[in-house]
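The values are calculated or read from the model by the stated rules, or taken from the named source; none is laboratory data. Not measured: the values here are computed from a predicted model. A quick note on method: Cβ atoms are made from the backbone with ideal geometry, for glycine too, and the neighbour counts reach across all protein chains shown.
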Amino acid sequence: MRMAKFILATKQNMVQLFADDGEAFSATLLKAGPVVVTQVKTKEKDGYMATQIGYGVKKKHNKPLVGHLKGAKSAVLKEFPLGEGDASLQVGAIIDVSVFTKGEKVTVAGISKGKGFQGVVKRHGFRGGPASHGAKHAHREPGSIGGGGRAGGRVAKGMRMGGRMGGDRVTVKNLRVLAVDKEKGEMLVSGAVPGRRGTILEVRSAR
């Protein structure tokens with residue numbers, strides 16, 4: 001059976017990394033783990049296989065969580081599903097950043113930055129109206145949204161318009177691990193990952 005690799009991490013900042021051959025990589029520094037296994041779910045008892053892990057420290061929990069965590073002070077709980085061939089860990093096991101190795105591919109998921117209410121130019125990449133020929137206060141307007149004979153005289157469902165942007169769950173696949181520092185609990189992954197500094201991210205080995 002193979003060991004599933006996963007951990008929770010906090011986004012730090014983006015950096016530039018130079019390889020031995022001089023090639024430059026844009027990378028994101030993550031403060032990863034350590035995390036503790038707080039629950040193991042099995043197909044016989046729960047109907048599916050998963051491992052729940054806890055990350056960070058919270059001083060005070062309510063009574064149900066105190067009993068569930070069995071003395072642990074984890075601030076964030078996250079469940080990672082397991083496949084048929086994945087080996088499960090024991091409750092109380094510690095997972096640190098050393099489960100990942102330099103060069104392997106990982107999948108990173110988290111909540112993207114919230115940008116509030118945005119118009120169609122920023123949200124959907126619309127070109128906007130003409131800048132001249134009598135245009136006045138209409139440079140970033142969406143233009144026609146239908147009506148008349150289209151869709152029976154109403155606005156068609158799914159019409160791209162202004163609205164809330166960001167704050168969505170985003171998954172980025174096939175990022176390469178560029179460096180792992182077990183002592184500091186840090187890892188470098190290639191490219192950009194969702195969220196602001198301090199965002200909690202899920203990092204798992206790419207399948």
For segment 1-15, the count of residues that are part of a loop (DSSP other than H, G, I, E, B), in contact with a Leu (Cβ under 8 Å, 6 or more places away or on another chain) and surrounded by fewer than 17 Cβ atoms within 10 Å (Cβ to Cβ) equals 0
Residues satisfying the stated conditions in segment 13-50, i.e. within 18 Å of residue 192 (Cβ to Cβ) and in contact (Cβ under 8 Å) with a residue 40 or more places away in the chain = 13, 14, 15, 17, 25, 26, 27, 28, 29, 30, 31, 32
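Per-residue answers, yes or no, for (1) surrounded by 13 or more Cβ atoms within 10 Å (Cβ to Cβ); (2) in contact with a strand residue (DSSP E or B) (Cβ under 7 Å, 6 or more places away or on another chain); (3) not in a strand (DSSP E or B):
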position	(1), (2), (3)
123	yes, yes, yes
126	yes, no, yes
147	no, no, yes
152	no, no, yes
158	no, no, yes
164	no, yes, no
184	no, no, yes
188	yes, yes, no
204	yes, yes, no
For residue 153, are the conditions met, namely being of a type in the set (Gly, Ala, Ser), modelled with pLDDT under 95 and not assigned by TED's automatic domain parsing to the domain that holds residue 101?
-> yes
Does segment 16-35 include one or more residues that are surrounded by 11 or more Cβ atoms within 10 Å (Cβ to Cβ) and assigned to a loop (DSSP other than H, G, I, E, B)?
-> yes
Is it fair to say residue 116 is at pLDDT 95 or above and out of contact with any His (no Cβ under 7 Å at 6 or more places or on another chain)?
-> yes
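Answer with yes or no whether residue 103 is in contact (Cβ under 8 Å) with a residue 12 or more places away in the chain, within 30 Å of residue 20 (Cβ to Cβ) and exposed (fewer than 13 other Cβ atoms within 10 Å of the Cβ).
yes
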Could you give every pair whose Cβ atoms fall below 8 Å, whose first residue belongs to segment 78-89 and is assigned by TED's automatic domain parsing to the domain that holds residue 6, and whose second residue is loosely packed, with under 13 Cβ neighbours inside 10 Å and in a strand (DSSP E or B), counting only separations of at least 6 or pairs across chains?
-> 85/2; 86/2; 86/3; 87/2; 87/3
